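This report refers to the structure that appears directly beneath it.
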Amino acid sequence: MEVIICKTKDEASRLAADMVAACVKKNPKCVLGLATGSTPIGMYKCLAEDVKARKISFKGVRSWNLDEYWGLAGTHDQSYRYFMDKNLFELIDIDRKNTHVLNGLAKDWKREVKAYEAAIKRAGGIDLQVLGIGSDGHIAFNEPGSSLASRTRLVSLTPQTIKDNARFFKKAADVPKYALSMGVGTIMEARTIVLLAFGANKADAVKGAVEGGISQFCTASALQMHKDAWFFCDEAAAAKLKLKKYYAWRGLEELARR
Ligand code: GLP
């Protein structure tokens, strides 16, 4: 695991976008795993700028998203399908039929998650997975207590996540309590991981993920066992790391060596 610490989230978003762009340039038919949340929006904007400047093209790229709220249609303005359309897919030249988001209305969720995993496998597996991190250290919707070997499945959200998400819904009663989510085991199979974390609200999560023990209590800590995982943080998110000064220069050196 490498930790890249930048002065601002814009700087970190640009560096993370460069890593995604390099993956797309290397293999224009690559498979991307994508994330929602406020954190990756800046990185998605950078990628949209790269497409506009004709530096990269997503025409051959295929994507699978991490998760979707259970019970929301893809047309709901808080669904993750809607988020992806608005914050990335409509801004780049990807073929929408090559973009995949779990169907939150699938009647048979067991069948849905099985087919989702099978489709990723058929595509050759995920080359690069983008991740955010929840304030309790979760990745996708793998809440504390999720097995580090878990696969895509229906999950119950914690009161903390439901609280964190309430700002996006009109009424507390509208906030979904369940989601379909890739598992930690599914995510760990991606060849490269790019995790973004910004703001003081993520400092404890980053500390737990990077310097805590590997535990299902902080599912991002599983990434310590990944051979090509990169954390892009701003200074506020990295503030509680014991070795932050060391990571600050080592990370950039490792990035240059890559
Ligand atoms: C949700 C998503 C995660 C995301 C997290 C943080 O729990 N399932 O994928 O990382 O929110 O969101 P934000 O980036 O808005 O802080």
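The values are calculated or read from the model by the stated rules, or taken from the named source; none is laboratory data. Predicted, not measured: the structure shown is a model, and the values here were computed from it. Cβ atoms come from the backbone with ideal geometry, glycine included; neighbour counts cover every protein chain shown.
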Residue match in region 10-27 (condition: in contact with a Lys or Arg (Cβ under 7 Å, 6 or more places away or on another chain) and crowded, with 22+ Cβ neighbours inside 10 Å): no
Filter result (under 12 Å from M1 (Cβ atoms) and buried (at least 22 other Cβ atoms within 10 Å of the Cβ)) within region 219-231: A220, S221, A222, L223, A229, W230, F231
Check on A179, closer than 24 Å to Y44 by Cα and either touching a Cys at 6+ places or on another chain (Cβ under 7 Å) or away from the ligand (no atom under 11 Å from the Cβ) (or both): no
Candidate set from region 144-162 (those that are surrounded by 20 or more Cβ atoms within 10 Å (Cβ to Cβ) and of a type outside the set (D, E, K, R)); member that is farthest from G185 (Cα to Cα): T161
Residue match in region 13-25 (condition: in contact with a Gly (Cβ under 9 Å, 6 or more places away or on another chain), within 13 Å of the ligand (Cβ to nearest atom) and farther than 23 Å from M182 by Cα): yes
Selection count, region 182-203, where residues are within 13 Å of the ligand (Cβ to nearest atom), assigned to a helix (DSSP H, G or I) and surrounded by fewer than 23 Cβ atoms within 10 Å (Cβ to Cβ): 3
The lone exception for D77 - which of (1) in contact with a strand residue (DSSP E or B) (Cβ under 8 Å, 6 or more places away or on another chain); (2) modelled with pLDDT under 95 it fails: (1)
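Determine whether region 45-63 contains at least one residue that is within 15 Å of the ligand (Cβ to nearest atom) and either among the polar types (S, T, N, Q) or closer than 21 Å to Y116 by Cα (or both). If you could, list the steps in order and put the result at the bottom.
First, the residues of region 45-63 that are within 15 Å of the ligand (Cβ to nearest atom): 45, 63.
Cutting the leftovers down to either among the polar types (S, T, N, Q) or closer than 21 Å to Y116 by Cα (or both) gives us 63.
Checked region 45-63: at least one residue is within 15 Å of the ligand (Cβ to nearest atom) and either among the polar types (S, T, N, Q) or closer than 21 Å to Y116 by Cα (or both).
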